[in-house]
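This report concerns only the one structure given below.
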Amino acid sequence: LIDGILNPAEWNGLANAAAMPLAKDVGGGGVAVNRQSKAWLCYDQKALYIAVDNLVGAGAQMGANDWGANDAIEVALRPLRKDNKPAPITVIRGYANGFLQYGTTPNASDEPKAMEPADIRFKAAKGDKGHWVAELVIPFHMIDFDPQSPTRIAFNLTVRKPGDDLWLMWESTSGNSFDVGQAGIIELAP
């Protein structure tokens, strides 16, 4: 259920040991523990599911949807094809106010071209003690990905926290947050 509530039964127990830490800044350095975010990923044959728990400070900007100026998460994905033909980078941005953006770009230099998010589902909700939660369902057809072949996706996950001037990433890119070629790879088990 995509409702902005982190339910352990829906996210394999929400174990901290299973969480993906979002604790690196764009240049590669670590960030103070009190401002990190964490994410949980899972998938089935139809979609990728992502939950993100974001701790924010008093200066959080949660009321609008301007990338870079407001609290948001960004998921960037590029299927790695067996024929080595480059797929576009899919960029999905979900804001703390509930707004969703979706687009693609052929490279990591150009801002994504806005498109209709169609079947992507997103919910953001303010939690307690300075937290906000994001939950996403990304159908594989929205990223031109067949989970049977290939099984690898160049990937990055970023959280923007403008109140603390933080760009927290799973893997630092030293450039645009959606530069998945400088980030990491997730591999789906068959």
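The values are calculated or read from the model by the stated rules, or taken from the named source; none is laboratory data. Values in this document were obtained by computation on a predicted structure and should not be read as measured data. Neighbour counts are summed over all protein chains in view; Cβ atoms, including those assigned to glycine, are modelled from backbone coordinates with ideal geometry. Remember, those area values only see protein heavy atoms, side chains included, never the ligands or the DNA or RNA. Shrake-Rupley method; radii C 1.70, N 1.55, O 1.52, S 1.80 Å.
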Residue set R81, R152, R121; condition within 15 Å of the chain's Cα centre (by Cα) and of a type in the set (K, R); output residue R121
Taking the range 70-86 and keeping only residues that are among the polar types (S, T, N, Q) and not in a loop (DSSP other than H, G, I, E, B), one is left with N70
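If you scan the range 32-45, which residues turn out to be more than 18 Å from the chain's Cα centre (by Cα) and either modelled with pLDDT under 90 or surrounded by 11 or more Cβ atoms within 10 Å (Cβ to Cβ) (or both)?
A32, V33, N34
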Within the range 87-111, of all residues that are of a type in the set (A, V, I, L, M) and in a strand (DSSP E or B), the one most open to solvent (accessible area, probe 1.4 Å) is L100
From the option list A189, A134, A124, single residue qualifying as hydrophobic (A, V, I, L, M, F, W, C), closer than 24 Å to N7 by Cβ and not in a strand (DSSP E or B) is A189
Inside the range 143-190, the number of residues satisfying the requirement of being more than 22 Å from N65 (Cα to Cα), open to solvent by less than 20 Å² (accessible area, probe 1.4 Å) and modelled with pLDDT of 90 or more is 7
Here the residues within the range 50-86 that are polar (S, T, N, Q) and open to solvent by 20 Å² or more (accessible area, probe 1.4 Å) are Q61, N65, N84
